[in-house]
1. Against the definition (assigned by TED's automatic domain parsing to the domain that holds W216, of a type in the set (F, W, Y), out of contact with any helix residue (DSSP H, G or I) (no Cβ under 7 Å at 6 or more places or on another chain) and without any contact (Cβ under 8 Å) to a residue 12 or more places away in the chain), how does Y178 come out, yes or no?
2. Can you list the helices (runs of 4 or more DSSP H) found entirely within segment 140-247 that contain at least 3 residues being hydrophobic (A, V, I, L, M, F, W, C)?
3. Give the residue, chosen from S83, S102, S88, that is crowded, with 20+ Cβ neighbours inside 10 Å and not aromatic (F, W, Y).
4. Just one of the numbered conditions (1) without any contact (Cβ under 8 Å) to a residue 40 or more places away in the chain; (2) out of contact with any Cys (no Cβ under 6 Å at 6 or more places or on another chain) is not true of C193; which one?
5. Would a scan of segment 220-228 turn up a residue that is farther than 21 Å from Y168 by Cα and modelled with pLDDT of 95 or more?
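The values are calculated or read from the model by the stated rules, or taken from the named source; none is laboratory data. Because the structure is a prediction, the values reported are computed rather than measured. Here Cβ is always computed from backbone atoms with ideal geometry, including for glycine, and neighbour counts include all displayed protein chains.
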Amino acid sequence: MQPQLVSLRALTIRTTAIALLLLVAGCGEPAPPPTPPAAPPPQAAPAPKSAAPAKPAPNNQTAQTALPNGADPFEWAQDTALSAATLSQTAQSPDDWNLVSSKWQAAITQMKAVPATHPKKAQAQKKVAEYQRNLNTAKQKTKTSAIPGKLALAMHLKQAGAKMYGTYWCSTCQRQLYRFGSEAASQINYIECDPAGKNPQTDLCRQAKIRAFPTWEINGYLYPPGGLPLEALADYSGYQGPRNFTN
């Protein structure tokens, strides 16, 4: 009986040892998780395409003054001057007259470019002076065209040397001035023909042989007595400015 007891005890000890070994193996550090595959490196974004350089705007002045191939410089300048003169016939606004001015300026530049060997060089020099006067007129029109029509017309009549003969007691004369308005009427060259009136100029009235009132003298011509519409005064005097006479 004694040997069997020892053998049983030894078996128990062996079984316990095996169990402990299994327990220690089960509590060990877990295996590290598998390493995920490396992400592919980010691809660089393609560089943006450079924008095409903007084309320079055409230079109108250069276009007007660059002599076309085979063109006669004198005739070319005359054509530009004709264009300016044609535009001036219908120009009214400041923008219209600015365009006319640019045409005259181009014609001057073109005419100055006529070479000394050209058979019409002397004539070209005279044309330059003529075109310069027209340019000055167009620039003046640019300023006056921005003024209300009645005032612009009155200033034009004054510049043209127009005269209105009248008397202080003439009701038609008063209505004529009233059509202009007080500001514009102050620009009218009014000639008082009655000695009792303010600042009378009876000598001028006698020299002009004025018989009735009001009488307009425009460009040396005496028009029939009576009040005239502002449109008629504009036509008779060659006025080319704005005609907003109803304002």
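1. yes
2. Per the criteria, 149-159, 171-180, 230-237.
3. Only one candidate passes the filter, namely S88.
4. C193 satisfies every listed condition except (2).
5. yes
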